[in-house]
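Readers should treat all values here as calculations from the given coordinates under stated rules, not as data from a laboratory. The structure presented is a predicted model; accordingly, all values stated were derived computationally and were not measured. Cβ atoms come from the backbone with ideal geometry, glycine included; neighbour counts cover every protein chain shown.
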Amino acid sequence: MNTLTNRTALVTGASRGIGQAIAIRLAAEGAMVIAHFNADESGAAATVDRIAGAGGTALAVRAELGVDGDVDTLFTGVEAALAGRPLDILVNNAAAPPAGPLGTTTRAEFDHLFAVNVRAPYFIIERALPLLPDGGRIITISSVATRMANPAQTSFAMTKAAVETMSRTLANQLGPRSITVNAVAPGATRTPTNGAVFDVPGLAAQITALTALDRLGTPDDVADVVTFLASDAARWITGQTLDTTGGLFLGPRV
């Protein structure tokens with residue numbers, strides 16, 4: 001039996017990679033999925049088509065995040081797609097990528113990172129709350145960058161630490177409504193769009209050697225964890241950040 005039948009879900013950044021996998025997985029469990037995208041219209045269409053091809057229901061909604069009016073634009077589409085139904089599951093997945101180490105990141109890049117990765121999820125949650133029923137789910141994608149010092153990702157890691165803190169505090173605030181709020185922190189995850197990064201000679205082997213489960217992650221690995229948190233089985237988990245790295249950099253492997 002599907003675990004999310006008759007539920008609705010919004011997944012931001014659902015046109016590719018981890019977001020696409022999350023949208024497809026939630027739909028496979030019976031949820032009607034609203035797949036948000038920014039510029040990748042063909043990717044969003046592919047997400048919707050894959051869901052429909054498997055017998056699910058999905059709609060694509062476009063909105064550029066990190067700009068003035070972004071939340072209004074997003075929820076104009078979301079509310080039209082819901083057509084009066086509640087929004088049961090919110091997955092904040094969309095994010096801007098790392099902009100570089102200290103000394104190379106410009107002020108504009110820094111501000112853009114925080115606008116997309118922190119400000120947008122915060123105000124998306126605020127806007128979604130009247131649509132969320134008691135017992136709803138809020139899940140935000142973080143990163144292993146919050147627990148691993150990587151000078152090339154300082155500003156990016158700061159944004160992800162912010163949403164982890166946001167998740168803990170909102171979990172406490174929204175607990176009386178039985179709304180759970182959690183973060184999921186992937187590590188090195190190979191996707192169709194970042195595959196070239198892991199094709200750098202020796203890089204995949206180096207990361208694998210630092211990973212307890214001895215391989216790179218996949219979008220489906222993350223999507224399964226998100227789907228669990230969205231289900232009734234995770235009703236007693238809130239205010240947590242779930243590490244979904246396969247045990248990346250836990251310590252020396254002897």
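Need one number: the % of Cα-Cα pairs in segment 1-43 sitting beyond the 13 Å mark.
Tail of the P(r) past 13 Å holds 47 percent of the pairs.
Kirkwood hydrodynamic radius (Cα pairs, Å) of segment 18-153?
16.1
Which residue, chosen from Gly84, Leu131, Ala52, occupies the Cα position most advanced towards the positive end of the dipole of the chain, where the dipole is computed from +1 (Lys, Arg) and -1 (Asp, Glu) charges on Cβ about the Cα centre?
The residue sitting most towards the positive pole is Leu131.
What does the net charge come to around Asn2 if you take all other residues with beta carbon closer than 15 Å to its beta carbon, with K and R at +1 and D and E at -1?
Local charge sum for Asn2: -2.
Can you list residues from other chains, or at least 5 along the same chain, whose modelled amide H is less than 5 Å from the amide H of Thr241?
Hits under the 5 Å cutoff: Ala183.
Under 14 Å from the Cβ of Ala205, count the other residues' Cβ atoms, weight Lys and Arg +1, Asp and Glu -1, and hand me the total.
Net charge around Ala205: +1.
Could you check what % of the DSSP bridge pairs in segment 8-240 are antiparallel, to the nearest 5?
0
For the chain, list the DSSP H helices whose alpha carbon atoms reach 24 Å or more along the long axis and whose average Kyte-Doolittle value is 1.6 or above?
Going by DSSP H runs, there are no hits.
Going by Cα centres, segment 125-152 and segment 1-77 are how many Å apart?
A separation of 16 Å, based on Cα centres.
For a protection proxy built on the mean count of beta-carbon atoms within 10 angstrom, sort 200-209, 130-139 highest first, please.
Per-residue mean Cβ counts within 10 Å order the peptides as 130-139, 200-209.
Ignoring everything except DSSP H segments at least 4 long, calculate the 222 nm mean residue ellipticity for the chain; use -39,500 (n - 2.57) per segment, divide by total residues, nearest 500.
-12000 deg cm²/dmol
Over all directions, the average projected area of the alpha-carbon convex hull for segment 7-80 comes to how many nm²?
4.4
In percent, what relative contact order does segment 8-240 have, based on Cα pairs under 8 Å that are 6 or more apart in sequence?
20
In segment 8-240, if every C-alpha pair distance is counted and binned at 5 Å from zero, what percent goes to each bin?
Reading the bins upward from 0: 1, 7, 14, 19, 21, 18, 12, 6, 2, 1, 0.
Rounded, prolate or oblate: which fits segment 102-254, taking a ≥ b ≥ c as square roots of the Cα gyration tensor eigenvalues, rounded meaning a/c under 1.5, else prolate when a/b beats b/c?
It is oblate, given that a/c is not under 1.5 and a/b is not larger than b/c.
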